[in-house]
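Colleague: Let me give you the structure first, and then I'll get to my questions.
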Amino acid sequence: MTISVAPGPGTREGTRTGTAEATDSLTAPDIPWNLVIWNDPVNLMSYVSYVFQSYFGYSETKANKLMLEVHRKGRSIVASGSKEQVERHAVAMHGFGLWATVEKASGGNDGTPGKSGGPGQGKGKRG
Amino acid sequence: MAKAFKYGLKGITGYLEPAERDLLRSLIADVISMLQPQERGGQDPLAELIGLDMDVAEPSDRAVKRLLPNVVKDDAGASLEFRQLTERSLRETKIGALRAAALDLDKDEIVLTPEGARHWSMALNDVRLVLAERLDIQDEEDAEHVHRMQDWSQAEDVESYLALVYNFATWLQESLVQAMLQSLETRR
């Protein structure tokens, strides 16, 4: 399973190479969509990490970091890509019982996958 | 007493007492019945074949809505459109995992392939989501409150019984997921 990672801030200008999605008239090819996972008091932390590792192929470290971000901040962007890609991920997450939504990336927001040491590390209460 | 799932040479194994298997079987059957799509006459057979459902609506039951959530926050229209395209197959995916887990309950010792373990983890998770709605677990504090119910001799009403069942399913899923994480690590 591969996913396309959202370009970092400031790189948007330079990512106009993709032609594959130029036929999608509803979505500008360079505006990614985000897959958001929301916190809930039922899903086990270990299970959420397992889903991130097994479905997205993320390392244990990355999966745990995203899982803790969901837990502490209430939500986390766990993948980005075209609308179709994140919608497919959302159905898979719903299959696993995770609370997932899709949203258009607003640009320059936090929680972009692949970045390390995001804000909020160590804040918030532990469950 | 049930034995925690563990990962070993045979794969992921677990053991459940007959009463525990009966309990899980009935919980699974409940969730399956909640997920079974309503059979309506006059559905376009082609649409049905490819999983389209133009008559689908946002579930009114909170537990069903937790199993089949809206895909766009604060946009009922976009979420409904997405439901028309995907909800039927999502229901089928979930029912498939629940049925697979129920079949494994026919044996004393449960031996799971990686695929079987994935089905079990999904099934236990859906069972827990439904129980959590029935127990009105809305936040971590509610979850903590329910978690404190551990003694079966305290079960004197439906709610405390449900809480104990929920805690049993949680314990079982946690032990399964730990075994699955171990198996992931070994395969890396």
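Colleague: Let me cross-check B:Val56: its accessible surface, 1.4 Å probe, with only protein heavy atoms counted, in Å² to the nearest 10?
Modeller: Ignoring ligands and nucleic acids, B:Val56 comes out at about 20 Å².
Colleague: Turning to a different aspect of this structure: Semi-axes of the equivalent ellipsoid of the stretch B:72-161: what are they in whole Å, largest first, if each equals the square root of 5 times a C-alpha gyration tensor eigenvalue?
Modeller: Semi-axes (√(5λ), whole Å): 28, 24, 10.
Colleague: Of all the accessible heavy-atom surface of the stretch A:44-106, with the other protein chains kept in place and a 1.4 Å probe, what percent is carbon and sulfur?
Modeller: Answer for the stretch A:44-106: carbon and sulfur cover 53 percent of the accessible area.
Colleague: Moving to a separate point now. How crowded by other chains is B:133-141, given as the mean number of beta carbons from other chains within 10 Å of each beta carbon?
Modeller: Partner Cβ neighbours, averaged per residue: 2.
Colleague: What fraction of the Cα pairs in the stretch B:39-109, stated in percent, has a spacing above 18 angstrom?
Modeller: Tail of P(r) above 18 Å: 49 percent of Cα pairs.
Colleague: Given contacts defined as C-alpha pairs under 8 Å and at least six residues apart, what's the relative contact order of the stretch A:44-106, whole-number percent?
Modeller: Worked out over the stretch A:44-106, it gives 21 percent.
Colleague: List the longest stretch of chain B that has no exposed loop site; here a site is one of the GluC sites (Glu not before Pro) assigned by DSSP to anything other than H, G, I, E or B, with at most 11 other Cβ within 10 Å.
Modeller: B:40-155
Colleague: Could I ask something else about it? What span do the alpha-carbon atoms of the stretch A:44-106 cover on each of the three principal axes, reported in whole Å from largest to smallest?
Modeller: Cα extents, longest axis first: 27, 22, 20 Å.
Colleague: Further question on the same structure: Averaged across the residues of A:36-49, what count of C-beta atoms belonging to other chains lies within 10 Å of each residue's C-beta?
Modeller: So the per-residue partner count for this stretch is 6.
Colleague: At what distance in nm do the modelled label points of B:Lys107 and B:Glu48 sit from each other, each positioned 7 Å from its Cα along Cα→Cβ?
Modeller: Going from the B:Lys107 label point to the B:Glu48 one covers 3.6 nm.
Colleague: Further, regarding this structure: Based on the alpha-carbon gyration tensor of chain B, what equivalent-ellipsoid semi-axes (square roots of 5 times the eigenvalues) come out, in whole Å, largest first?
Modeller: On the way: eigenvalues 186, 95, 50 Å².
Taking √(5λ) for each Cα gyration eigenvalue gives 31, 22, 16 Å.
Colleague: Given the -39500 (n - 2.57) contribution per DSSP H run of 4+ residues, what per-residue ellipticity at 222 nm results for chain B, rounded to the nearest 500 deg cm²/dmol?
Modeller: It comes out at -21000 deg cm²/dmol, rounded to the nearest 500.
Colleague: Under the 0.36 nm per residue contour assumption, what length would be gained going from the current alpha-carbon distance of B:Glu156 and B:Ala78 to full extension?
Modeller: 23.6 nm
Colleague: Next question. Give me D for the stretch B:111-188 in µm² s⁻¹, whole number, from Stokes-Einstein with Rh from the Kirkwood sum over alpha-carbon pairs, 20 °C and 1.002 mPa s.
Modeller: 158 µm²/s
Colleague: Solvent-accessible area per residue for the stretch A:44-106 at a 1.4 Å probe radius, Å²? Kindly include the intermediate steps, with their values, before the conclusion.
Modeller: Working: 2010 Å² over 63 residues.
Accessible surface, normalised per residue, equals 32 Å².
Colleague: So, one more: Just checking the output field for B:118-124: average partner chain Cβ neighbours within 10 Å of each residue's Cβ?
Modeller: Values: counts 6, 0, 0, 8, 5, 1, 3.
Mean inter-chain Cβ contacts per residue within 10 Å come to 3.
The values are calculated or read from the model by the stated rules, or taken from the named source; none is laboratory data. None of these values were measured; they are calculated from a predicted model. As a convention, Cβ positions derive from the backbone with ideal geometry for all residues, glycine included, and neighbour counts pool all protein chains shown. Accessible surface areas use protein heavy atoms only, side chains included; no ligands, DNA or RNA. Shrake-Rupley method; radii C 1.70, N 1.55, O 1.52, S 1.80 Å.
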